[in-house]
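Inspection log for the structure reproduced underneath, given as structure tokens.
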Amino acid sequence: KNALALATWLEAQEEVAWVNYPGLESSKYKSLADKYLPNGQSGIVTFGTKGGYESAKSIADATKVFSLLANIGDTKSLIIHPASTTHQQLSEVEQESAGVTKDLIRLSVGIEDVEDLKTDLKAAFSTISV
């Protein structure tokens, strides 16, 4: 529920260029998610920032509630900017072929109050300019 609520909220933020979450009405995978994942579509949300690489990196670094970690599936919320961390050793072409764009931020949404997560991201968004 937290991941869907956060993904829906992210779609409405001016700093956000795109959101990928199968439970969203806007997702091309929505019908498949409804069919095969009727009880929820996981805690993983990815989104891109309008400011690109530097903005995405700044947002990931600025959060306080989200922990900057590469693992997923924890009860606490995690954030990572793969292009500057887990995939930094790859060339641009290799990153793109792996689905890692410069603006991509990956969230593993935990069990915190979703309003706290939104507040944390909103504060991190304030560190960038779009």
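Quick rundown of the values:
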{"item": "Pair list, Cβ under 7 Å, 6 or more apart: the stretch 41-63 residue on the phi > 0 side of the Ramachandran plot, other residue outside any loop (DSSP other than H, G, I, E, B) and not aromatic (F, W, Y)", "result": "S42/A3"}
{"item": "Flag for L121 being more than 16 Å from the chain's Cα centre (by Cα), surrounded by 15 or more Cβ atoms within 10 Å (Cβ to Cβ) and either at pLDDT below 95 or within 20 Å of W18 (Cα to Cα) (or both)", "result": "no"}
{"item": "Single residue of A123, A70 found to be in a helix (DSSP H, G or I), on the phi < 0 side of the Ramachandran plot and of a type in the set (G, A, S)", "result": "A123"}
{"item": "Selected residue (only one of S55, S42, S91 is of a type in the set (G, A, S) and closer than 18 Å to L121 by Cβ)", "result": "S55"}
{"item": "Criterion (open to solvent by 30 Å² or more (accessible area, probe 1.4 Å) and not in a strand (DSSP E or B)) met by exactly one of S58, S27", "result": "S58"}
{"item": "Within the stretch 14-24, tally of residues that are open to solvent by less than 70 Å² (accessible area, probe 1.4 Å) and under 17 Å from N2 (Cα atoms)", "result": "5"}
{"item": "Residue, least open to solvent (accessible area, probe 1.4 Å), within the stretch 73-86, restricted to residues that are assigned to a loop (DSSP other than H, G, I, E, B) and under 16 Å from E54 (Cβ atoms)", "result": "H81"}
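The values are calculated or read from the model by the stated rules, or taken from the named source; none is laboratory data. All figures in this text were calculated on a predicted structure; none of them were measured in a lab. All Cβ positions, even for glycine, are placed from backbone atoms using ideal geometry, and neighbour counts span all protein chains on display. SASA here: full protein model, heavy atoms, side chains in, ligands and nucleic acids out. Shrake-Rupley method; radii C 1.70, N 1.55, O 1.52, S 1.80 Å.
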